[in-house]
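Written below as structure tokens is the structure these notes are about.
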Amino acid sequence: MRTIDWADGKIRTIDQTRLPEEEVVLSLGSVEELAEAISSLRVRGAPALGVAGGLGIALAARLARENGQDVGEAISRAASLLGSTRPTAVNLKWGIGRIEEAYDPSRPRAVDELIERARAMVVEDERTNRLIGEVGADLLSEGSRVLTHCNAGALACVAHGTALSIVEVAHERGLVAGVTATETRPLLQGSRLTAWELKRMGVEHRVTIDSGAAGLIASGGIDVVITGADRVAANGDVANKVGTYPLALAARANGVPFIVAAPLSTIDLDTPDGDAIPIELRSASEVLEVNGARVAPEDTQAYNPAFDVTPASLVSAIVTEIGVVRPGVDDLRALVESARGEATAGPSADGKR
Ligand code: MRU
């Protein structure tokens, strides 16, 4: 099943807060319900958020048409509500913008066309992520012991994942000896979601506490660290789930490659560097409570950033759907601009592009 899709005029998605105990499928029939699902991480992961944003705008347009309201106004309201839910993940802004910009009230089928465009994003995401897997698996050799953080799998996308798409393809090629997933405090995306996906994929795996990862890397137990990204700045700095930066430091200190898997939609050329990436701060209760039970004394304060920034200098390679980019070696801006230009231009007259 796809993690997120359009079904019967609503947005269908698996509730990631209920995994691994229960596979609950949600049918979100309003923009407010979608905004709540995003804020509470029922739907999460950069590419899935991009698709959620696009489908959310299509949903707003459909509802406004049915209720005889102004479609353009409903789209703007939805864009601002959804866009405020998760500030770091640039895919959300990208997905919203892509569908919002496509609205042309002068066209007789304007709303239907928006829905078709948003649904095409679902198909495109699936294809993009499989391509990332194929490109990235070429970087792995036989017997690879992989370490990954948070969840950059099918659940974070429509299907396949980014970091876990590389694991999926490499596993099909017989290259993966095993995967260690960090548990990813405080919301445990690694233990709950990545372990669930790896089990379904039939990949040998285990979970480590986040603070166990650096020692494991130092002891020679890991050949490659692969993570996803929520935003890659124009200079190659990477924002990803908090705890990624320490992994990159440990990898560099021990000569282990640190690979980031991300679609072009996660690369934000408007953000010059990591300092300019807004970092989402989440509720203190996520840190001070475990499964609803308080673990710190009353009145304790908490610092709960959802993401941290890894400088480009620590990133060995960024794996995208069009190939591998090596920060400091390749010109990220030029590659992305050229790929986007080709996509906009479409097939050339001689059909060779
Ligand atoms: O807060 P989350 O669970 O949405 O954080 C997600 C991550 O950090 C993922 O690594 C990232 O979105 C990559 S998605 C393939």
Filtering segment 1-25 down to residues that are closer than 16 Å to P47 by Cα and among the basic types (K, R), which residue is surrounded by the fewest Cβ atoms within 10 Å (Cβ to Cβ)?
-> R12
Looking at E183, E197, which is the one that is closer than 22 Å to A159 by Cβ, at pLDDT 95 or above and more than 10 Å from the ligand (Cβ to nearest atom)?
-> E197
Please go through segment 254-294 and pick out each residue that is within 17 Å of the chain's Cα centre (by Cα) and β-branched (V, I, T).
-> I259, V260, T266, I267, I277, I279
From S165, S191, which residue is part of a helix (DSSP H, G or I) and near the ligand (Cβ under 10 Å from one of its atoms)?
-> S165
When you go through I226, I222 one by one, which is the residue that is modelled with pLDDT of 95 or more and within 13 Å of the ligand (Cβ to nearest atom)?
-> I226
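The values are calculated or read from the model by the stated rules, or taken from the named source; none is laboratory data. The structure presented is a predicted model; accordingly, all values stated were derived computationally and were not measured. Cβ coordinates were reconstructed from backbone atoms using ideal geometry, including for glycine residues, and neighbour counts include every protein chain displayed.
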